[in-house]
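One structure below.
What follows draws every value from the coordinates through simple rules; no lab data is involved. Keep in mind that what you see is a predicted model, and the values were worked out from it rather than measured. Note: ideal-geometry Cβ built from the backbone for every residue, glycine included; neighbour counts use all protein chains shown.
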Amino acid sequence: MTGTNGKTTTTYMIDHIMKKAGFKTGLIGTMEIKIDDKTEKTKNTTPESLDLQEIFYKMVLDGVDTVAMEVSSHALSLYRVWNAFFTGVIYTNFSQDHLDFHSTLEDYWKVKASFLSLQKEFISEKEVFSVFNKDDPEVIKLLPHGNGQKFIYGLMNEKTNMLYREQGNILMAYDVSCAPGGTRFNLNRDGHVYNFNLKLIGVFNVYNALAAIAAGLAQNIDLSLIKEAIEELPPVKGRIYPVYGEQDFTCIVDYAHTPDGLKKVLQSARAFTKGRIITVFGCGGDRDKSKRPVMGHIGVTLSDYIIITSDNPRSEDPLAIIRDIEAGITNTSRYVVEPDRKRAIEKALDIADRGDCVIVAGKGHEDYQIFADKTVHFDDSEIIREYFELAGRK
């Protein structure tokens, strides 16, 4: 699957569905490579072409028959996945990212659109399927170019339901409700209402679930079994991942490192937060600079208070990155700067009160921080747990 956000969680959902249905599965993505139950670390969301073919070979030797895979725009541009032909193609969403690599947003979109061409050879039209998020205006443009069985998913909307009724299988969620412990939604399929109760937080995880449901249905898996599998899946580390202690406020770690990703996480948190939203985030160095002020604006607009800090500065001056973020902020009373990420997280936890939600965004599952002269161990979730443990001993 491809898309700016949602790839990792959707991949894990599909892997879990297929495994529960009796398939021997593999997974390739941002966090890891899985060959059945064995895991390997990965450097890129999508491995280099020779590495990828070697991984596929290992999977074949191990009897893997189904692979859920994240395909990045870099992989498409650099031909990492050429001569890898996909039974199913899923588009999650499209928004600004990687403009340090792609010259324009239009070029980025064209690269993403090229993914559909990897279904056209060596695979029967009866086998292939394509899945599109109808609520993303850029993704739905690709619907006429979809291959095989087409699935369209999104939130219930009678106008668009009628518009796409003749163009594919429609999966529409309704009665969505979010809480710190999970998300509920309903899905009507063939006259039967299925009540889903996810352990994952946020409306965008409803979208991820719908994409995974489409993949399962395309493999002729019963929807009741798909429902069981999705409801079993625990939160994916670093993807709106709750960290628990004895605190009376919510604490979430998320990989949101794009404007749209940050916006969706903050909007999801607002749906269940009675108190304030306190957000800690920065932006990566040597990456798309144009998104920094945009993320600053989103952060201060959708949070009650933000602490701007360092992400992975790489070769750049951390303070220069922070100044770029500040350029998008007009309300200077609602944020502070703390370049030290550990101190920034601890400050957010210090000021949180009952009913608040602390969101630590940008690094998610990562267990390192990259500076110009070194890479150090750093895990947002670990920092939070250590804080809670120390607070519990006081």
Anyone know which of 58, 342, 112 comes out most mobile in the 10 Å Cα GNM of the chain? 58
So what is the 222 nm mean residue ellipticity for the chain from helices alone, if each DSSP H run of at least 4 adds -39500 (n - 2.57) and you divide by all residues, rounding to the nearest 500 deg cm²/dmol? -10500 deg cm²/dmol
Size of the dipole of the chain about the Cα centre, Lys and Arg at +1 and Asp and Glu at -1 on the beta carbon, nothing else charged, in debye to 20? 600
How about residue 227: which lysines have a C-alpha closer than 23 Å to its C-alpha, ignoring those fewer than 8 places off in the same chain? 7, 19, 20, 24, 34, 134, 150, 199, 237
Take a quick pass over segment 241-393 and tell me how many lysine pairs come in under 18 angstrom between Cα atoms, counting only ones 8 or more apart or on separate chains. 12
Run the quick spin-label model on residue 135 and residue 223: label points 7 Å from Cα toward the beta carbon, then report their separation in nm to one decimal. 1.8
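Which FRET efficiency value, to the nearest 0.05, is calculated for residue 53 and residue 74 with the Förster distance at 22 angstrom and r the Cβ-Cβ distance? Before the final figure, lay out each step's value.
Values: r = 17 Å, r/R0 = 0.78.
Result of the calculation: an efficiency of 0.80.
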Whether segment 241-393 is rounded, prolate or oblate, judged on the alpha carbon gyration tensor where a/c under 1.5 counts as rounded: oblate
Efficiency by 1/(1 + (r/R0)^6): what FRET value for residue 286 and residue 188, r their Cβ-Cβ distance, R0 = 35 Å, to the nearest 0.05? 0.15
Projected label distance in nm at residue 390 and residue 353, using a 7 Å step from Cα toward the beta-carbon: 2.4
For Cα extents along the principal axes in Å, calculated from these coordinates, the label among [x] 60, 48, 44; [y] 59, 45, 40; [z] 77, 52, 38: [y]
